[in-house]
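A.B. asks: This structure is in structure tokens; I'll ask about it shortly.
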Amino acid sequence: MAVGVHRNAQVIVNRAALYHNIHSEYERLDHGTRLFMVVKANGYGHGAVEVAKVAKKAGASGFCVAILDEALELRKAGLQDPILVLGLTDLNAVPVAAKEHVSLTVSSAKWLQKAAQLLRKQSIKDPLRVHIGLDTGMGRIGFQTQTGLKQALKAIKQDHNQLDFEGIFTHFATADSPDDKYFKLQVNRFNKLMEVVKPRPKFVHVSNSATSLWHQKCNGNMIRYGAAGYGLNPSAGALKPPFKLEPAMTVTTELSYVKLVKPGRSIGYGATYTTGDDQWIGTVPIGYADGFHRNLKGFHVLIDGQFCPVIGQVCMDQFMVRLPHQMEPGTKVTIIGKDGDKEISLQDMADYSHTIHYEIACGFTERLPRKYIN
Ligand SMILES: *Cc1c(COP(=O)(O)O)cnc(C)c1O
């Protein structure tokens, strides 16, 4: 996708905010507990490589991604730190992962045997680093029973020249909820499964942001820290974080066109909005192809310190807003962020869109260039 370097529309990322959110959590960790910054989906839309660099300075000793290609992007940028792929990886990518020292998540004993076979066949000297995934109630990937887990441990033992048992982990489904009943159930299942893991691998980890913020005792010796590092409260405000989270993302553009519209004229596809009186209408050069969802019709942006409503349907590349008075084309438009004493947060936009801020943040497309401040 083309990056819009010749347009005035951008995602601005505040490095100082990232540093604050990551370092504050790093300082709360028990001695010896490692922080792996989760930079999947282009660092939740903030730019994976830049976030990774800031995270290292803030105390991170490794990174988590969702797919192998995201790990390779970090390697290509010169980052040599441990990287864990959280999703499952195709067998045919195993040689690349081994050579690049990227750790993979495993949830099948058969997969382990085949992976080892492949490495032997291709005479690859580097062992593949693996983390065993345990499904304690997320219901996504991982071993659910001691029997399955034992088979995996046996497979690793048998092929210990090709397989390096580096870690074991689980993922919580409700760590961001004030009700900890299901969380405790998962903890019990995890402990039960871990009974058969002797000796333990280098990394035992269970914590996403929410777990580390609100159930710190469970942390093990590594955390997978994502949303909170970007300044996003994983509980959407239901729980208060132990330190102030500073949103790192701002999205801005400028009015591309301004006009006075007479009463009775319609705006946008479907002619869903019709002016009732003389109105100043501004055009904003961002649309749903940039990640400004079509269901944000009726939401608002900030211009000159004031909320201006989005009128008519949001188009692929543009949308229209009602202005309080005449304004010049080129006037700054804040989509996400502060202007004067008002603010539009990712959470506000997510609430209006009936989704979560994670989805909004990673939904801003590559067409919007990322710019870094501080
Ligand atoms: C995405 C992800 C995380 C990070 O979660 P946050 O809520 O963003 O901290 C941690 N672990 C796994 C397995 C994930 O998929």
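A.B. asks: When the residues of the range 32-73 are narrowed to those that are charged (D, E, K, R) and more than 23 Å from PRO95 (Cα to Cα), which ends up nearest to the ligand (Cβ to nearest atom)?
C.D. replies: The initial filter retains those residues of the range 32-73 that are charged (D, E, K, R), namely 34, 40, 50, 53, 56-57, 69-70, 73.
The next check asks that each one be more than 23 Å from PRO95 (Cα to Cα); those that pass are 34, 50, 53, 56-57.
Values: ARG34: 14, GLU50: 17, LYS53: 19, LYS56: 18, LYS57: 19 Å.
Of everything passing the filter in the range 32-73, ARG34 is nearest to the ligand (Cβ to nearest atom).
A.B. asks: Anything in the range 74-88 that is more than 11 Å from the ligand (Cβ to nearest atom) and either of a type in the set (Gly, Ala, Ser) or outside the structural domain of ASN42 (by TED's automatic domain parsing) (or both)? List them, or say none. Steps first, please.
C.D. replies: First, pick out the residues of the range 74-88 that are more than 11 Å from the ligand (Cβ to nearest atom): 74-83, 88.
Those that are more than 11 Å from the ligand (Cβ to nearest atom) and either of a type in the set (Gly, Ala, Ser) or outside the structural domain of ASN42 (by TED's automatic domain parsing) (or both): ALA77, GLY78.
A.B. asks: Return yes when VAL310 is surrounded by 14 or more Cβ atoms within 10 Å (Cβ to Cβ), more than 20 Å from ALA361 (Cα to Cα), at pLDDT 95 or above and not polar (S, T, N, Q) and no when it is not.
C.D. replies: Working: surrounded by 14 or more Cβ atoms within 10 Å (Cβ to Cβ): yes; more than 20 Å from ALA361 (Cα to Cα): no; at pLDDT 95 or above: yes; not polar (S, T, N, Q): yes.
So VAL310 does not fit the description; no.
A.B. asks: Does the range 203-217 contain at least one residue that is assigned by TED's automatic domain parsing to the domain that holds LYS56, away from the ligand (no atom under 16 Å from the Cβ), modelled with pLDDT of 95 or more and surrounded by fewer than 14 Cβ atoms within 10 Å (Cβ to Cβ)?
C.D. replies: The initial filter retains those residues of the range 203-217 that are assigned by TED's automatic domain parsing to the domain that holds LYS56, namely 203-217.
Next, from what is left, pick out any that are away from the ligand (no atom under 16 Å from the Cβ): 217.
So of that shortlist, the ones also modelled with pLDDT of 95 or more come out as none.
Scanning the range 203-217 turns up no residue that is assigned by TED's automatic domain parsing to the domain that holds LYS56, away from the ligand (no atom under 16 Å from the Cβ), modelled with pLDDT of 95 or more and surrounded by fewer than 14 Cβ atoms within 10 Å (Cβ to Cβ).
A.B. asks: Kindly indicate whether any position in the range 223-245 is touching a Pro at 6+ places or on another chain (Cβ under 7 Å), outside any loop (DSSP other than H, G, I, E, B) and either in the same structural domain as ALA350 (by TED's automatic domain parsing) or within 16 Å of the ligand (Cβ to nearest atom) (or both).
C.D. replies: Yes.
A.B. asks: While we're here: Quick one: count up the residues across the range 132-147 that are touching a strand residue (DSSP E or B) at 6+ places or on another chain (Cβ under 6 Å) and either away from the ligand (no atom under 16 Å from the Cβ) or not aliphatic (A, V, I, L, M) (or both). Even if it seems obvious, please write down each step before you answer.
C.D. replies: As a first pass, look at the range 132-147 and keep what is touching a strand residue (DSSP E or B) at 6+ places or on another chain (Cβ under 6 Å): 132-134, 136, 141-143.
Cutting the leftovers down to either away from the ligand (no atom under 16 Å from the Cβ) or not aliphatic (A, V, I, L, M) (or both) gives us 133, 136, 142-143.
Within the range 132-147, residues that are touching a strand residue (DSSP E or B) at 6+ places or on another chain (Cβ under 6 Å) and either away from the ligand (no atom under 16 Å from the Cβ) or not aliphatic (A, V, I, L, M) (or both) number 4.
A.B. asks: Name the residue, out of LYS40, LYS53, that is over 18 Å from LEU232 (Cα atoms) and of a type outside the set (A, V, I, L, M, F, W, C).
C.D. replies: Details: LYS40 fails: over 18 Å from LEU232 (Cα atoms).
Just a single option satisfies the conditions, and that option is LYS53.
A.B. asks: Being of a type outside the set (D, E, K, R) and surrounded by 21 or more Cβ atoms within 10 Å (Cβ to Cβ) narrows it down to one residue among LEU260, LEU245; which is it? It would help to see each step written out before you state the result.
C.D. replies: Details: LEU260 fails: surrounded by 21 or more Cβ atoms within 10 Å (Cβ to Cβ).
LEU245 is the lone residue from the list that is of a type outside the set (D, E, K, R) and surrounded by 21 or more Cβ atoms within 10 Å (Cβ to Cβ).
A.B. asks: Tally the residues that are assigned to a loop (DSSP other than H, G, I, E, B), within 13 Å of the ligand (Cβ to nearest atom) and under 25 Å from HIS101 (Cβ atoms), restricting the search to the range 148-178.
C.D. replies: So the count comes out to 1.
A.B. asks: Give me the residue from the range 10-67 that is of a type in the set (Lys, Arg) and farther than 24 Å from VAL102 by Cβ and, out of that set, nearest to the chain's Cα centre (by Cα).
C.D. replies: Pass one, the range 10-67, residues of a type in the set (Lys, Arg): 15, 28, 34, 40, 53, 56-57.
Remaining after also requiring farther than 24 Å from VAL102 by Cβ: 15, 28.
Details: ARG15: 16, ARG28: 21 Å.
That would be ARG15.
A.B. asks: Looking at the range 175-183, is at least one residue free of Cβ contacts under 8 Å to residues at least 40 places away in the same chain and either in contact with a strand residue (DSSP E or B) (Cβ under 9 Å, 6 or more places away or on another chain) or surrounded by 19 or more Cβ atoms within 10 Å (Cβ to Cβ) (or both)? Show your work before the answer.
C.D. replies: Pass one, the range 175-183, residues free of Cβ contacts under 8 Å to residues at least 40 places away in the same chain: 179-181, 183.
Then drop every residue that is not either in contact with a strand residue (DSSP E or B) (Cβ under 9 Å, 6 or more places away or on another chain) or surrounded by 19 or more Cβ atoms within 10 Å (Cβ to Cβ) (or both), which leaves 183.
For the range 175-183, residues free of Cβ contacts under 8 Å to residues at least 40 places away in the same chain and either in contact with a strand residue (DSSP E or B) (Cβ under 9 Å, 6 or more places away or on another chain) or surrounded by 19 or more Cβ atoms within 10 Å (Cβ to Cβ) (or both): present.
A.B. asks: A follow-up question, please. If you scan the range 317-372, which residues turn out to be over 20 Å from ILE267 (Cα atoms) and aromatic (Phe, Trp, Tyr)?
C.D. replies: Listed by number, the residues that qualify are TYR352, TYR358, PHE364, TYR372.
Let's see how each residue does on (1) part of a helix (DSSP H, G or I); (2) under 19 Å from GLY45 (Cα atoms):
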site	(1), (2)
ILE286	no, yes
PHE292	no, yes
ARG322	no, no
GLN347	yes, yes
THR355	no, yes
ARG367	no, yes
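A.B. asks: Can you tell me which residue within the range 2-31, out of those that are small (Gly, Ala, Ser) and at pLDDT below 95, is surrounded by the most Cβ atoms within 10 Å (Cβ to Cβ)? First the steps, then the outcome.
C.D. replies: Within the range 2-31, the subset small (Gly, Ala, Ser) is 2, 4, 9, 16-17, 24.
Remaining after also requiring at pLDDT below 95: 2, 4.
Values: ALA2: 7, GLY4: 18.
Selected residue: GLY4.
A.B. asks: Another question, then. Having 3 or more residues that are β-branched (Val, Ile, Thr) is the bar; report the helices (runs of 4 or more DSSP H) wholly within the range 37-131 that clear it. Lay out the reasoning, then the answer.
C.D. replies: Details: elements: 40-44, 48-58, 68-76, 94-99, 109-121.
Of the helices (runs of 4 or more DSSP H) lying wholly inside the range 37-131, those with at least 3 residues that are β-branched (Val, Ile, Thr) span 48-58.
A.B. asks: So which residues in the range 246-284 are among the aliphatic types (A, V, I, L, M), more than 27 Å from the chain's Cα centre (by Cα) and assigned to a strand (DSSP E or B)?
C.D. replies: Going through the range 246-284, the residues among the aliphatic types (A, V, I, L, M) turn out to be 248-249, 251, 255, 258, 260-261, 267, 271, 281, 284.
Subsequent filtering for residues that are more than 27 Å from the chain's Cα centre (by Cα) retains 255, 258, 260-261, 267, 271, 281.
VAL258, LEU260, VAL261, ILE267, ILE281, listed by residue number.
A.B. asks: In the range 55-104, which residues are buried (at least 20 other Cβ atoms within 10 Å of the Cβ), hydroxyl-bearing (Ser, Thr, Tyr) and free of Cβ contacts under 8 Å to residues at least 60 places away in the same chain?
C.D. replies: THR89
The values are calculated or read from the model by the stated rules, or taken from the named source; none is laboratory data. Worth saying up front: this structure is predicted, and the values here are computed from it rather than measured. Methodologically, a virtual Cβ is constructed for each residue, glycine included, from the backbone with ideal geometry; neighbour enumeration extends over all protein chains shown.
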